[in-house]
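Worksheet: one structure, shown below.
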Amino acid sequence: MIMRHSLVIAAVIGLAGVLLSPTCDAILYKWTDENGRVVYGDQPPTGTKAERLNPGIGPADPNAVRDMANKDAEIKKRQQQRADDAAKLEKEQSDAKRKLEQCVQTRGRIKMMRDDRAVFRYNEKGEKVYFQPAEREKAISESQKILQDLNCPPPAA
């Protein structure tokens, strides 16, 4: 049990050491010394013909900052466009819902006026005033005009 625990700890420490060790970005050279042996190093001695094995770090891109700023601006522009599109869609959905509610209420008013029930309204004095047949027809025609203006869909069957 203790051995197993120690192995796990050793594996974690080893993995952390590998992951946290700095990477080697130095340039590596290969040359032959005066004894004929092949030697590798980061600086060849003067007067020897050395072969460069890795290219090392290339020069920095002078346009990198500007390119990143342009990409960042494009990303922000796309995010703003998505937010604007979402707000527009939400407004359209809200308007459509409000329009549908107005259509339903107007149809209800027409149905109520066409029924033979006693329909009334209150006047300025707060008294009940019952609709006469001519007033009913006028209210129905006004409601039908509202339905046309709202371009209401036909009622569900």
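Considering only protein heavy atoms and a 1.4 Å probe, what is the carbon-and-sulfur percentage of the accessible area of region 28-157?
On the way: 5850 of 11190 Å².
After summing per-atom areas, the C and S share lands at 52 percent.
Please find the FRET efficiency linking K128 to Q102, where r is the Cβ-Cβ separation and R0 is fixed at 41 Å, and quote it to the nearest 0.05.
On the way: r = 26 Å, r/R0 = 0.63.
Result of the calculation: an efficiency of 0.95.
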- Top to bottom by accessible area (1.4 Å), largest first, where do R136, R4, R66 land? R4, R66, R136
- So, counting K/R as plus one and D/E as minus one, what does the shell of residues with Cβ under 13 Å around G108 add up to? +3
- What is the Cα convex hull volume of region 83-157 when expressed per residue in Å³? 126
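Solvent-accessible area per residue for region 52-118 at a 1.4 Å probe radius, Å²? Before the final figure, lay out the partial values.
Numbers: 5960 Å² over 67 residues.
Result: 89 Å² per residue.
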- Note on the structure: Going residue by residue through region 88-102, the Karplus relation 6.51 cos²θ - 1.76 cosθ + 1.60 with θ = phi - 60° gives ³J(HN,Hα) values, rounded to whole Hz and with x marking Gly or Pro, of 5, 4, 4, 5, 4, 5, 5, 4, 5, 5, 5, 4, 4, 5, 5
- Message: 5 Å is the cut-off here: which amide hydrogens, built 1.01 Å from N in the peptide plane, fall below it relative to V39, excluding neighbours closer than 5 in sequence?
- Response: W31, T32, D33
- Item | Label point distance in nm, K77-K138, each placed 7 Å from Cα along Cα→Cβ | 5.9
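The values are calculated or read from the model by the stated rules, or taken from the named source; none is laboratory data. Because the structure is a prediction, the values reported are computed rather than measured. Here the Cβ is made from the backbone with ideal geometry for all residues, glycine too, and neighbour counts use every protein chain on show. Note: areas computed on protein heavy atoms with side chains; ligands, DNA, RNA excluded. Shrake-Rupley method; radii C 1.70, N 1.55, O 1.52, S 1.80 Å.
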